[in-house]
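*Asks:* I'd like to ask you about the structure that follows.
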Amino acid sequence: MVGVFGLAVALSLGLRAIDGYALFVFPPYRVEISLILLVILLFAGYALAYGLTRIVSHTLELPSYVRAFRERKRRDRAEDALHGALQAWFEGRFSRAEKLATKAWDLGAERGAVSLVAARAAQRVRDIERRELWLARAEEAGGAAWKLATQATRGELLVDDRKYADARRVLRGLHDSGPIHIATLLLLLRAEQELGDWEEVIRIARLLEKRSGLPAAALEGILMRARIAVLDKKSHDPKSLAEYWKGVPQDERRGSKLAAAAARAYMQLGDCHTAHSIIEDALGTAWTAELVLLYGECLDDDALSRIERAERWLNQRPRDWPLLLTLGRLCVQRELWGKAQSYLEASLSVQPTRTAHIALARLFDRVGRIHDANRHFRAAADAGLAAGATGEA
């Protein structure tokens with residue numbers, strides 16, 4: 001404020017020092033005014049002219065200002081509707097989500113986002129007709145920017161609808177034409193599992209393994225199930241089975257479940273020697289009752305060598321009932337009745353299983369001990385009543 005007053009005082013003193021004048025001649029008229037007044041009039045005239053010009057310009061541009069204001073309000077309402085649709089979606093209020101998405105569409109919000117939110121909401125309320133309408137709108141109005149998102153959404157919704165063949169077609173097309181993402185790989189994995197294309201399941205699982213897209217335990221289970229299914233499929237063709245098993249990584253071959261499946265496949269083809277080799281290799285890594293019991297199956301001329309190997313194992317595991325049962329079966333194959341009875345009874349003493357009772361009953365039946373055979377058959381029947389509780393077959 002002091003500066004303003006100082007400037008005013010200085011200006012006043014300066015103007016007092018100016019005693020000039022201005023003369024305007026308009027014959028026959030003469031107008032004489034002081035120079036100070038002329039300066040003031042010029043400034044006032046300029047201010048007036050500028051003000052009038054601004055008023056006229058603003059008046060002429062008023063319609064465009066109104067249009068811009070209305071457009072801003074419309075965009076704000078559209079964004080509010082879209083945000084509301086998203087919030088309703090996350091809250092699980094799917095009917096409201098689609099209603100707000102429809103409002104956002106009418107107000108001209110981002111068409112791709114609105115269409116996909118509405119399509120997902122329609123899917124959740126099982127309105128398939130509305131879902132397809134919104135997906136079609138997304139394809140038409142979303143443009144190239146929303147093409148991948150639209151395809152991914154369509155694939156996901158088809159999987160959710162259990163239309164796995166259609167989902168696979170969409171997802172494969174998506175991967176062929178664009179980048180491969182973990183989310184769409186997981187969808188394609190599920191579709192391939194449901195369609196039983198197990199070799200493709202293995203390929204996708206390996207891709208997910210490289211991208212850390214699945215927990216190790218889940219990935220191991222998927223690979224195991226897929227490989228077992230492939231082995232079962234190839235168990236009718238010795239050449240195809242051998243080629244496939246050779247291509248399985250060594251660490252997977254030694255997994256107990258996969259080794260058991262491979263052994264059964266070879267047994268089905270009558271190749272007991274290969275089946276037994278697979279079991280022996282796997283038992284060196286993981287000792288399981290399933291593999292040990294499987295080792296006593298499949299009649300072959302190598303029963304004596306298997307007995308010798310199993311007896312070496314028995315020295316390390318003297319009370320292993322599956323091993324004792326397997327030794328009993330192998331001795332039956334070689335008609336070593338006394339040793340077979342001894343091993344089977346030892347297995348029953350550790351774990352009275354239905355399988356051991358049946359094996360011992362059949363042994364007694366073959367040697368003519370009918371009473372003992374019937375006794376063990378009855379015991380096997382009694383054990384079968386408890387099979388549901390114990391999980392034994």
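*Asks:* Output the residues belonging to region 150-200 that are assigned to a helix (DSSP H, G or I), of a type in the set (Gly, Ala, Ser) and touching a helix residue (DSSP H, G or I) at 6+ places or on another chain (Cβ under 6 Å).
*Replies:* Passing the criteria: ALA152, GLY155, ALA167, ALA191.
*Asks:* Yes or no: ALA101 among the small types (Gly, Ala, Ser), out of contact with any His (no Cβ under 8 Å at 6 or more places or on another chain), surrounded by 13 or more Cβ atoms within 10 Å (Cβ to Cβ) and closer than 22 Å to ASP161 by Cβ?
*Replies:* Working: among the small types (Gly, Ala, Ser): yes; out of contact with any His (no Cβ under 8 Å at 6 or more places or on another chain): yes; surrounded by 13 or more Cβ atoms within 10 Å (Cβ to Cβ): yes; closer than 22 Å to ASP161 by Cβ: yes.
Yes.
*Asks:* A further question on this structure: Tally the residues that are surrounded by fewer than 21 Cβ atoms within 10 Å (Cβ to Cβ), in contact with a helix residue (DSSP H, G or I) (Cβ under 6 Å, 6 or more places away or on another chain) and assigned to a helix (DSSP H, G or I), restricting the search to region 268-282.
*Replies:* Of all residues in region 268-282, those surrounded by fewer than 21 Cβ atoms within 10 Å (Cβ to Cβ) come to 268-274, 277, 280-281.
Those still in the list that are in contact with a helix residue (DSSP H, G or I) (Cβ under 6 Å, 6 or more places away or on another chain) too: 269, 274.
Then drop every residue that is not assigned to a helix (DSSP H, G or I), which leaves 274.
Total meeting the criteria: 1.
*Asks:* Pick from ALA260, ALA346, ALA289: which is within 29 Å of HIS376 (Cα to Cα) and more than 44 Å from the chain's Cα centre (by Cα)?
*Replies:* ALA346
*Asks:* Taking GLY247 and the conditions (1) surrounded by 15 or more Cβ atoms within 10 Å (Cβ to Cβ); (2) under 28 Å from ILE202 (Cα atoms), which numbered condition does it fall short on, given that it satisfies the others?
*Replies:* (1)
*Asks:* Hey, another quick one. Would you confirm, using the coordinates I've provided, whether ALA149 is of a type in the set (A, V, I, L, M), farther than 23 Å from LEU223 by Cβ and touching a Leu at 6+ places or on another chain (Cβ under 7 Å)?
*Replies:* yes
*Asks:* Can you work out which of the residues in region 294-343 that are among the small types (Gly, Ala, Ser) and over 26 Å from ALA383 (Cβ atoms) is surrounded by the most Cβ atoms within 10 Å (Cβ to Cβ)?
*Replies:* It comes out as ALA303.
*Asks:* Out of region 203-251, which residues are over 28 Å from CYS272 (Cα atoms) and either among the β-branched types (Val, Ile, Thr) or assigned to a loop (DSSP other than H, G, I, E, B) (or both)?
*Replies:* Quick first cut of region 203-251, residues over 28 Å from CYS272 (Cα atoms) only: 203-219.
Of everything in region 203-251, those that are over 28 Å from CYS272 (Cα atoms) and either among the β-branched types (Val, Ile, Thr) or assigned to a loop (DSSP other than H, G, I, E, B) (or both) turn out to be ILE204, ARG211, SER212, GLY213, LEU214, PRO215.
*Asks:* Looking only at residues in region 178-217 that are of a type in the set (Gly, Ala, Ser) and touching a residue at least 12 places away in the same chain (Cβ under 8 Å), which one is farthest from TYR244 (Cα to Cα)?
*Replies:* Once the filter is applied, the top-ranked residue is GLY178.
*Asks:* One residue is enough: does region 294-308 have a residue meeting the conditions small (Gly, Ala, Ser), assigned to a helix (DSSP H, G or I) and touching a residue at least 24 places away in the same chain (Cβ under 8 Å)?
*Replies:* The answer is yes; a qualifying residue exists.
*Asks:* Could you list, in sequence order, the residues of region 324-377 that are closer than 19 Å to CYS298 by Cβ and of a type in the set (Phe, Trp, Tyr)?
*Replies:* Listed by number, the list holds a single entry, TYR343.
Here, each number is a calculation from the coordinates, and none is a lab measurement. Since this is a predicted model, take the numbers as computed values, not measurements. A quick note on method: Cβ atoms are made from the backbone with ideal geometry, for glycine too, and the neighbour counts reach across all protein chains shown.
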